Amino acid sequence: MNDFTFYSPTRFVFGRGAVDRVGRELAADGRRRALIVYGRGSVARTGTLQRVRSSLAAAGIEAAELGGVRPNPEIGSVRQGVRIAREMRSDIILALGGGSAIDAAKAIALATPYEGDAWDFFAKRAQPAAPLPVAVVLTIPASGSEASNSSVVSNDAEHLKSGINTDLIRPVCAIMDPELTFTLPPYQTAAGVCDMICHVMERFFSGEPAVTVTDGIGCSLIRSAIQMGPRVMADPLDYDARANLMWISTLAHNGLAGLGMGVAGKRDGDWSAHALEHELSALDTSITHGAGLAVIFPAWMRHVWSAHPERFLTFGKEIFDIEPVEENPLAAKDAIECSIDELQNFFVSLGMPRTLAELGLVEDDIELLLPGLLANRGERFGTFMSLTLDDARSIYLSAL
Ligand code: NZQ
Ligand code: ZN
């Protein structure tokens, strides 16, 4: 078991009606001026925005708003948010939504006290220091950004989608009201389930030796997501299943599911499939992150499993109860391929795509994905198996 430091400062307020407590929660921390950051209208349509406004007003918190943050958020929204946060002398950035609103909020929090341009953090030209605190009202379980140390932002002018990881941007408070997710469209619900499963798998397949306790947590999260996914697809108002998914999304990505399997000072997992997917949504910003992962993750698995077949055998046994029929390499290969098929079929059963073509990509697009990958991850990347850009090309082509 490798050494680790685990910092998870987020206060979770979970349950029915939690959204109406946001004002009190922020006021208890002494916050007085909040910039609310949200997306393209779902929070207005569902009434969540109005409930947050009322709750803040009742607690005596002044609020300004930045709406219109798109999925795969763009640096332009971040710059706009920084201007508002400075003008109002905001003392908290409150994201209302999912990964896109939260990541924009985190970037605004980083850049508000910084003299240069917000993109400097994503281009690794600036070191994060003393950001404003971020709080979250979560409306979609998927990214895990409500407790994660990351923010991922696109820069359309530079054709890049890049991330930053620092404990300084972990939210101080996350309001998690599962009833807010009743209104999610099926496609977003399904993409969220895929994303949370992939967050555990990135860590499970870190390439480091297994850690029994961490494997236990990770596999339980994946099994639970596989159990709850079909329930919410069948009945969007199934509170218990929605609530389980909301908590799975958080635990899948706050770091817990990779403890002891990371290398000190580096990422706590492989993260190649995420890197490959981020280039898809950089190329076509209408691609939903979880849907891209549903295609890319199985393709990555088929490319790399032979580096550590024992990990894939454990995965198959723990998640799908699949074991080789005999003790020989051919039977092991069959069992591993069968587990990957099973996973991909599960994603597809939720309504996710199987191929890049279903996401609108053609063969000529593949070359366009590689420069961004090089800029973000360098010539070689991945810890389960060290990959080159040629490997990346093969993985993309195999997924077409
Ligand atoms: O924009 P609005 O109108 O709000 O609609 C959103 C959006 O279209 C809609 N939605 C959200 N909650 C809803 C709802 N519609 C109805 N009812 C509700 N309750 O869902 C759509 C997707 O929202 P988004 O925030 O984009 O989804 P998600 O949480 O999946 O976030 C995706 C972003 O997070 C990044 C992804 O790359 C992507 O940019 N990630 C962030 C991570 C992190 N910071 O730790 C880790 C992830 O791996 C991921 O990379
Ligand atoms: Zn993800």
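Where a number appears in this text, it was derived from the coordinates with a stated rule and is not lab data. Note that the structure is a prediction, hence the values are computed from the model and not measured. Here the Cβ is made from the backbone with ideal geometry for all residues, glycine too, and neighbour counts use every protein chain on show.
What the table below lists for this structure:
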{"read-out": "Shape category assigned to the range 30-139 from the gyration tensor of Cα positions, a/c cut at 1.5", "value": "oblate"}
{"read-out": "Residue exposure sequence - Val213, Val153 - by fewest surrounding Cβ within 10 Å", "value": "Val213, Val153"}
{"read-out": "Stokes-Einstein D (µm²/s) once Rh is taken as the Kirkwood radius of the chain over alpha-carbon pairs, at 10 °C in 1.306 mPa s", "value": "75 µm²/s"}
{"read-out": "Those GluC sites (Glu not before Pro) in the range 268-356 that DSSP places in a loop and that have at most 14 other beta carbons within 10 Å", "value": "Glu326, Glu327"}
{"read-out": "Residues of type lysines that Lys124 reaches as a straight line, Cα spacing below 25 Å, ignoring anything fewer than 8 places off in the same chain", "value": "Lys106, Lys161, Lys266"}
{"read-out": "Antiparallel %, DSSP beta bridges [both residues in the chain], to 5", "value": "25 percent"}
{"read-out": "Helix 99-111 axis, angle to the chain major axis (alpha carbon atoms, nearest 10°)", "value": "60 degrees"}
{"read-out": "The range 107-204: GluC sites (Glu not before Pro) in DSSP coil with no more than 14 other Cβ atoms inside 10 Å", "value": "Glu115"}
{"read-out": "Mean residue ellipticity (222 nm) of the chain, computed from DSSP H runs ≥ 4 via -39,500 (n - 2.57), nearest 500", "value": "-15000 deg cm²/dmol"}
{"read-out": "Amide hydrogen neighbours beyond the local backbone of Leu94, cut-off 5 Å, H modeled", "value": "Leu35, Ile36, Val37, Ala135"}
{"read-out": "Point-to-point label distance, Ser398-Asp156, nm (Cα→Cβ direction, 7 Å offset)", "value": "3.5 nm"}
{"read-out": "Neighbour-count order for His289, His303, His199, fewest beta carbons within 10 angstrom listed first", "value": "His303, His289, His199"}
{"read-out": "Nearby lysines by direct alpha-carbon distance to Lys333 (threshold 26 angstrom, same-chain neighbours under 8 apart not counted)", "value": "Lys317"}
{"read-out": "Ranked list, fewest to most other Cβ atoms within 10 Å of each Cβ, for Tyr7, Tyr38, Tyr114", "value": "Tyr7, Tyr114, Tyr38"}
{"read-out": "Additional length obtainable on full extension of the chain from Asp240 to Ala58, 0.36 nm per residue less Cα span", "value": "62.5 nm"}
{"read-out": "Prolate/oblate/rounded call for the range 152-251, Cα gyration tensor, a/c under 1.5 rounded", "value": "oblate"}
{"read-out": "Within the chain, longest stretch free of exposed trypsin sites (Lys or Arg not before Pro) [DSSP loop, at most 13 other beta carbons within 10 Å]", "value": "126-265"}
{"read-out": "Cα gyration tensor category, rounded, prolate or oblate, for the range 223-359 with a/c compared to 1.5", "value": "rounded"}
{"read-out": "Size of electric dipole in the range 11-180: Cβ of Lys, Arg +1 and of Asp, Glu -1, about Cα centre, debye, nearest 20", "value": "260 debye"}
{"read-out": "Derived scalar couplings ³J(HN,Hα) [the range 47-58; Karplus, 6.51 cos²θ - 1.76 cosθ + 1.60; whole Hz; x for Gly, Pro]", "value": "x, 5, 4, 4, 5, 5, 4, 5, 5, 5, 4, 5"}
{"read-out": "Set of the range 110-132 residues, backbone N closer than 17 Å to the point 7 Å along the Cα-Cβ line of Arg83", "value": "111-119"}
{"read-out": "13 Å beta-carbon shell around Cys198, net charge (K/R +1, D/E -1)", "value": "-3"}
{"read-out": "Residue (of Ser90, Val69, Leu168) at the positive-pole extreme of the range 62-192, dipole from beta-carbon charges", "value": "Leu168"}
